[in-house]
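Contents: one structure, followed by commentary.
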Amino acid sequence: MTKLHTLMIAGCLMGFSAVASAETVNLTNSADGANRDAGITAVKKKLQEACTERKGSPDADSFEVVFEKTSDNPNVPKPYYVDGKMKCELPG
């Protein structure tokens, strides 16, 4: 095998190992809001902050509302409750 072929194979293996060492995780969190949009915005912000704190990059397109509920109590200042999840790409 020539040196060029050996270098090409070694380069490919090193490139694949960097990709393989990255990890995608699902983060979950919850938040309250005055209405549905405020609750969803709050939980998205929490999830993005949690991902960046772990030195990851959030995938905003993967955001999903898992559970939502409105409180029957009119005295609650933030009656809308939201659980959400989002994918986060963490470095290896």
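How many residues are in contact (Cβ under 8 Å) with a residue 24 or more places away in the chain and assigned to a strand (DSSP E or B) when one looks only at region 39-66? If you could, list the steps in order and put the result at the bottom.
Filtering region 39-66 down to residues in contact (Cβ under 8 Å) with a residue 24 or more places away in the chain leaves 39-40, 42-44, 47-48, 50-51, 54-60, 62, 65-66.
Now narrow it down to the ones that are assigned to a strand (DSSP E or B): 57-60, 62, 65-66.
Here the count works out to 7.
Being of a type in the set (G, A, S) and within 16 Å of A22 (Cα to Cα) is the filter; apply it to region 49-92 and report the residue that is least open to solvent (accessible area, probe 1.4 Å).
Start the filter on region 49-92 by keeping residues that are of a type in the set (G, A, S), which leaves 50, 56-57, 60, 62, 71, 84, 92.
Filter once more, so that each one left must be within 16 Å of A22 (Cα to Cα): 56-57, 92.
Working: G56: 16, S57: 64, G92: 83 Å².
Only one residue fits best here, namely G56.
If only residues of region 62-92 that are of a type in the set (D, E, K, R) and within 16 Å of T41 (Cβ to Cβ) are counted, the one that is modelled with the lowest pLDDT is K78. For residues that are within 11 Å of the chain's Cα centre (by Cα) and not aliphatic (A, V, I, L, M), scanning just region 20-48, find the one that is most open to solvent (accessible area, probe 1.4 Å). Selected residue: K45.
The values are calculated or read from the model by the stated rules, or taken from the named source; none is laboratory data. The shown structure was predicted, so the numbers you read here are calculated from the model rather than taken from an experiment. FYI the Cβ positions are ideal-geometry reconstructions off the backbone, even for glycines, and counts take in every protein chain you see. To get the accessible areas, we keep the full protein, side chains included, count just its heavy atoms, and leave off ligands, DNA and RNA. Shrake-Rupley method; radii C 1.70, N 1.55, O 1.52, S 1.80 Å.
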